[in-house]
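The values are calculated or read from the model by the stated rules, or taken from the named source; none is laboratory data. All of these numbers come straight from a predicted model, not from anything done at the bench. Ideal geometry is used to build each Cβ from the backbone, glycine not excepted, and the neighbour counts take in all protein chains shown. Accessible surface is based on the protein model in full, side chains and every heavy atom, while ligands, DNA and RNA are left aside. Shrake-Rupley method; radii C 1.70, N 1.55, O 1.52, S 1.80 Å.
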Amino acid sequence: SADSKDSLKSSLLQLKCYFTWSLLKQDVELDELEEKIDHQVEFFTKSRLTIYNLLSYICHLNNSKEKALANLQKAEEEVKRHHPDEIARRSLVTWGNYAWIYYHMGRYEEAQTYVSKVENSCKKLPRASRWKAELPEIYAEEGWALLKFGKKYYERARTCFENALQGEPNNPEFSAGYAITVYRLENPFKSHSQALALLKRAAELDPENTFIVVLLALKLQDVKRTEEGERYLEEALRQTPAVPYTLRYAAKFYRRKGEVGKAVELLRKALAVTPNPAILHHQLAICYRAELGQLREAVRHSPAEQVDKLIQLSISHFKTAIEKKPKFFYSHIDLAKMYIEANRYEEAEETFQKAFQINILSHSDKQELHYFYGNFKYFQMKEESGAIEHYLEGLKSKKGCYYFAKCKNALRMLLEQRIRGGSTDAADFGRLGLVHHLCGETQQAIQCYEQALALLPGHQDYLSALCELRLSI
């Protein structure tokens, strides 16, 4: 009946599982994610339960319900194999997923059966409400799922791992999840690193987790402790010489160290194991770009043929990365820059426009995009006003990001240059006023707005900005 269907739906919404964690389809490339996770089943043995649950949810999003159920069966087998004494406790997320998938298939009785299984198990657990158990491993599983859905979800993932660690502070897997999340959230240009201590701790708790060890190596390199980082890296490569993620991060380490040939070799090895990942093509393209930089530094007049070859290789791998992962933001930015390098401005313009269409950009991504597009407008297209518009757009996202400062400085330089050149455009003074205001330079901001008003008396925006600034003194 409609009533029982409604009551089933309200029970389902109470469950803690992938279907209630707000993981949105539009935020990921589903096929690419499925492929990536498939490879992880091959290489990661520790968190297979999470991997099967996640694969099941992705299959559901891709409308492959039978495949989704097959993955949940694998998740159940995993629990029986590794946690035979805690089957109910360890299966809560899996059962929640079952209930939702059966509900979406219109198989309401089976959905109800799984809702009841969750309810009966929660009754026997401490700190559990009717359908929810506050268990560290459930917080951690939510954390891993959020991490897989990308940048937008990292802050939530951090909170999940913090909650998991409150329950089990020495759990190696939770420590690893927390360290990875903080590493991804952290600005690599910052001298103080919270991630460094967390990665060290996670590596101590589980020295065999080479994923953590290679991240630790990169973090040490970030903070200029390259030799120490290399020791960790060599150990990770010794332990897992054929695992793509180890090879990929090792390649990044050697590229940044200036050993580009070694980096290319490692990436080619990784591509031999998993031919498709977009990230490997992206990294290869960056290596060829780095090689181009080295060539130009070493030889004043680099041989045109070699330069051309490296530009072509780089462009071709960036393009492959985008084909495999159309929402890959950094590949778009890097490809556009490479087209600029090759004086192919039309293709650069086209690539920037495609980047603006990506619907999953974070604030910092948008800032970065406006900054580089502004540069392109100014330096290559000689369109000063277009550049100003984009630097301004970059200031509309949140402060404190790396590219916020870049947009601000570029805008300040351009506006001051125009004003020195005798500009009588009120907008130039108004915009410079805004830049001073954002920098906390109140007196200079007031002067700029006063000059803008002298040129355009009674302008509402300048008047209200001026009032606000005078009141703040």
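Here are a few things to note about the model shown:
- Any hit, segment 266-279, residues being among the hydroxyl-bearing types (Ser, Thr, Tyr), outside any helix (DSSP H, G or I) and over 23 Å from Leu215 (Cβ atoms): no
- Segment 382-400 - residue that is exposed (fewer than 15 other Cβ atoms within 10 Å of the Cβ) and in contact (Cβ under 8 Å) with a residue 24 or more places away in the chain and, of those, nearest to Leu335 (Cα to Cα): Glu384
- Filtered residue count, segment 246-264, keeping only those that are open to solvent by 50 Å² or more (accessible area, probe 1.4 Å) and not in a helix (DSSP H, G or I): 1
- Residues of segment 96-128 that are without any contact (Cβ under 8 Å) to a residue 40 or more places away in the chain and of a type outside the set (D, E, K, R): Tyr98, Tyr102, Gly106, Thr113, Tyr114, Ser116, Asn120, Ser121, Cys122, Leu125, Pro126, Ala128.
- Residue in segment 452-463 that is under 30 Å from Leu335 (Cα atoms), open to solvent by 60 Å² or more (accessible area, probe 1.4 Å) and free of Cβ contacts under 8 Å to residues at least 12 places away in the same chain present: no
- Count of segment 25-53 residues which are at pLDDT 85 or above, open to solvent by less than 40 Å² (accessible area, probe 1.4 Å) and part of a helix (DSSP H, G or I): 11
- All positions within segment 1-24 that are without any contact (Cβ under 8 Å) to a residue 24 or more places away in the chain, part of a loop (DSSP other than H, G, I, E, B) and not polar (S, T, N, Q): Leu13
- Filter result (open to solvent by less than 40 Å² (accessible area, probe 1.4 Å), in a helix (DSSP H, G or I) and more than 17 Å from His39 (Cβ to Cβ)) within segment 200-225: Ala202, Ala203, Ile212, Val213, Leu215, Leu216, Ala217, Leu218, Lys219, Leu220, Gln221, Asp222
- Residue selected from segment 265-277 under the condition surrounded by fewer than 22 Cβ atoms within 10 Å (Cβ to Cβ) and more than 17 Å from Pro241 (Cβ to Cβ), by the criterion nearest to the chain's Cα centre (by Cα): Asn276
- Only a single item in (1) in contact (Cβ under 8 Å) with a residue 40 or more places away in the chain; (2) open to solvent by 70 Å² or more (accessible area, probe 1.4 Å); (3) under 22 Å from Leu432 (Cβ atoms) is not met by Cys407, and it is number (2).
- One residue stands out in segment 295-315 among those that are part of a loop (DSSP other than H, G, I, E, B) and out of contact with any Lys or Arg (no Cβ under 7 Å at 6 or more places or on another chain): the one that is nearest to His281 (Cα to Cα), namely Pro303.
- Restricting segment 128-186 to residues that are within 26 Å of Phe328 (Cβ to Cβ), open to solvent by 20 Å² or more (accessible area, probe 1.4 Å) and of a type in the set (A, V, I, L, M, F, W, C), the residue that is nearest to the chain's Cα centre (by Cα): Leu185
Condition check ((1) of a type outside the set (A, V, I, L, M, F, W, C); (2) surrounded by 17 or more Cβ atoms within 10 Å (Cβ to Cβ)) across all residues:
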position: Thr240; (1), (2): yes, yes
position: Pro244; (1), (2): yes, yes
position: Arg296; (1), (2): yes, no
position: Val299; (1), (2): no, no
position: Lys309; (1), (2): yes, no
position: His317; (1), (2): yes, yes
